[in-house]
Amino acid sequence: MSEAPVQTQPAEKLEIRPLGPEHVDGALALSRQVGWPHRKEDWDLALAVSEGVVATEGDRVTGTACCSRFGSVALINMIIVDEAMRGRGLGRRLMEAAMALGAGDEMRLVATREGLPLYEKLGFTATHQILQHQGIARAAAPQLVVRDGSLSDIGRLAELDRGACGLERQALLERIAAQGQVLLAEEGFALLREFGRGHVVGPVVAKDAAVARALIAEAASRTEGRFLRIDLPEAAGLSEFVTALGLEHVGGGTAMVRTPAPATPSDYTTYALVSQALG
């Protein structure tokens, strides 16, 4: 006697609703399903600075998407579809709902290889590659002076960050600084915090690559023997340097933009992201 076929609900019958704290456990399970290292605390940070949508089938979370608005730029992120629901248009529905939250703004995202075709259809254009490096950190002496900063420095540092990437995200940087470490150099800064399997360093904002290398070396020294991650724009040219600190290149994504606004010139550059989700 053959078994009856499994009945699967069509994607169009799933309910799309605002993503709230009550959905975090289900969202966490989805991110683990796709191999992302996020902890509940990492989801909490994302939701603190974002709006989002969730697809549900009864009480089960089957998809997520978030929109993080930083000034006139909206970052679309945390786009996940349950493995059992793929290929049915749910990803597009979630994307369109998240994009509606950022309507009227420049939109950015970092695409996985699987998501790239959909984002291109929705009007996003590739701009550059993001290189994910991680591993057990090795200590290295910074070639420039790096000192500790504090929460009181964030107002000034947020201005440097805005010049480098165009994002007005002082509230996000304050949240990270409150739970992590602020590293200051003469012409740059970095934030170091717990994330995923260990720690992440980012953003790293600096006037030149020498300052960025000093900040990253200090972060590696402070996490020596422990897991450390960093997400680098390929053009930063620091991949070889961080590999020497024990952080191997393990993947990454494609940075994309939709309806970009003119860039404002700045003396500062983003050498490492807060995260692929939050720019």
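Just a few scattered comments:
- Matching entry among 242, 201 (being of a type in the set (Val, Ile, Thr) and either in contact with a helix residue (DSSP H, G or I) (Cβ under 6 Å, 6 or more places away or on another chain) or surrounded by fewer than 18 Cβ atoms within 10 Å (Cβ to Cβ) (or both)): 201
- Criterion violated by residue 146 - all others in (1) in the same structural domain as residue 204 (by TED's automatic domain parsing); (2) surrounded by fewer than 18 Cβ atoms within 10 Å (Cβ to Cβ) satisfied: (2)
- Among the residues of the range 260-278, the one identified as surrounded by 13 or more Cβ atoms within 10 Å (Cβ to Cβ), out of contact with any helix residue (DSSP H, G or I) (no Cβ under 6 Å at 6 or more places or on another chain) and β-branched (Val, Ile, Thr) is 274.
- Test: residue in the range 206-224 that is outside any strand (DSSP E or B), outside the structural domain of residue 74 (by TED's automatic domain parsing) and either under 30 Å from residue 51 (Cβ atoms) or among the aromatic types (Phe, Trp, Tyr) (or both): no
- Test: residue in the range 186-198 that is buried (at least 23 other Cβ atoms within 10 Å of the Cβ), of a type outside the set (Asp, Glu) and over 29 Å from residue 44 (Cβ atoms): no
- Note on the range 1-31: among residues that are at pLDDT below 50 and exposed (fewer than 10 other Cβ atoms within 10 Å of the Cβ), the one that is farthest from residue 195 (Cα to Cα) is 1.
- Only one entry in 193, 138 is part of a strand (DSSP E or B), basic (Lys, Arg) and under 21 Å from residue 242 (Cβ atoms), namely 193.
- Of the residues 206, 235, 178, the single one that is buried (at least 20 other Cβ atoms within 10 Å of the Cβ) and of a type in the set (Gly, Ala, Ser) is 206.
- Within the range 168-186, the residues that satisfy the criterion of being without any contact (Cβ under 8 Å) to a residue 60 or more places away in the chain and assigned to a loop (DSSP other than H, G, I, E, B) are 180, 186.
The values are calculated or read from the model by the stated rules, or taken from the named source; none is laboratory data. This structure is a prediction, so every number in the text was calculated from the model and none was measured. Every residue, glycine as well, gets a Cβ built from its backbone with ideal geometry; the counts of neighbours run over all protein chains shown.
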